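None of the figures in this text is laboratory data; all of them are computed from the coordinates on show. Bear in mind that the values here come from a model prediction, so they are computed numbers and not experimental data. Cβ atoms come from the backbone with ideal geometry, glycine included; neighbour counts cover every protein chain shown.
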Amino acid sequence: MDDSTSITLEAIHLLFSGDTELWAIIGVSFQVSTTAILISVPPALIIAFILAYADFPGRRLLISIFNTLLAVPAVVIGLTFYLLLSRQGILGDWRLLFTQSAMVMGQAALSFPILVAMGHAAFQAIDKRAWETARTLGANRIRAFYTVMKEARFGLLAALFSAYGRIIAEVGASMMLGGNILNYTRNIPTAIALETSKGEFSQGIALGLVLIILAFTLNTFLQYFQGKGHLSN
């Protein structure tokens, strides 16, 4: 048995043996990223809807800004929040640097433009008469908004899954804002970076498998919901 095979088998054993350290890292990742997404989704969808359905000065500029922010590297977001949260920064008094809260802030900032840009595209793909019809039938603005969201649900799900996949796998912002502290801020990508830099590949491969399984699961769910939608039509 060659070294690569033995390392892979050790990684699989680590993943399914209930290794405490490994699962603590996985738990931190999902806790931080899920919190960041839950914070980002409501305002992002509202902004995406406004950009798609309202007409106001500066609308095209805002759309361009959000599309540009899609290309901003995670490490730049991390550096920005690091400067804000450091002792000399504007938000230094909050003492959030190297905490999960700081990681949530960074990941929320990363996911926000993805949700807005992809959400805007999803809303634009829907016939505007859905909003107008709902309003004509007496629905208030909130109910009409939910009606449009239901029509755009597949595009919105794709935006949600894309944003979640991006932030749970990013390393730059998490490393700078969390500090990679074991059992507190060490998440999947920072642990992979640390373990591979030490030449310890088994834990890195095990955590990489978690990300692959997550990506497969998200895509499977999206395909399932899209399939159900086509069948119901």
Q | Answer residue from segment 184-222, given it is over 21 Å from the mean Cα position of the chain (by Cα) and assigned to a loop (DSSP other than H, G, I, E, B) and is surrounded by the fewest Cβ atoms within 10 Å (Cβ to Cβ) among those | A | GLY199
Q: Could you check how many residues of segment 64-83 are out of contact with any Pro (no Cβ under 8 Å at 6 or more places or on another chain) and surrounded by 18 or more Cβ atoms within 10 Å (Cβ to Cβ)?
A: 5
Q.
Given (1) surrounded by 19 or more Cβ atoms within 10 Å (Cβ to Cβ); (2) in a helix (DSSP H, G or I), identify the lone condition not met by THR133.
A. (1)
Q. Before we move on, is PHE225 of a type in the set (Phe, Trp, Tyr), touching a residue at least 24 places away in the same chain (Cβ under 8 Å), assigned to a helix (DSSP H, G or I) and within 26 Å of LEU70 (Cβ to Cβ)?
A. yes
Q. Quick check: anything in segment 22-41 closer than 19 Å to ALA122 by Cα, among the aliphatic types (A, V, I, L, M) and crowded, with 18+ Cβ neighbours inside 10 Å?
A. yes
Q) Can you tell me how many residues in segment 47-70 are part of a helix (DSSP H, G or I), free of Cβ contacts under 8 Å to residues at least 60 places away in the same chain and hydrophobic (A, V, I, L, M, F, W, C)? A) 7
Q: Report whether or not ALA121 is without any contact (Cβ under 8 Å) to a residue 60 or more places away in the chain, over 20 Å from LEU62 (Cα atoms), part of a helix (DSSP H, G or I) and not acidic (Asp, Glu).
A: no
Q | Lone unmet requirement of (1) in contact (Cβ under 8 Å) with a residue 12 or more places away in the chain; (2) assigned to a loop (DSSP other than H, G, I, E, B); (3) surrounded by 18 or more Cβ atoms within 10 Å (Cβ to Cβ) for MET103 | A | (2)
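Working only within segment 165-174, note down all residues that are part of a helix (DSSP H, G or I), surrounded by fewer than 22 Cβ atoms within 10 Å (Cβ to Cβ) and not small (Gly, Ala, Ser). Spell out how you get there, then give the answer.
In the first step, residues of segment 165-174 are kept if they are part of a helix (DSSP H, G or I); the result is 165-169, 172-174.
If we keep only those that are surrounded by fewer than 22 Cβ atoms within 10 Å (Cβ to Cβ) as well, we get 165-166, 169, 172.
Selection gives ARG166 alone.
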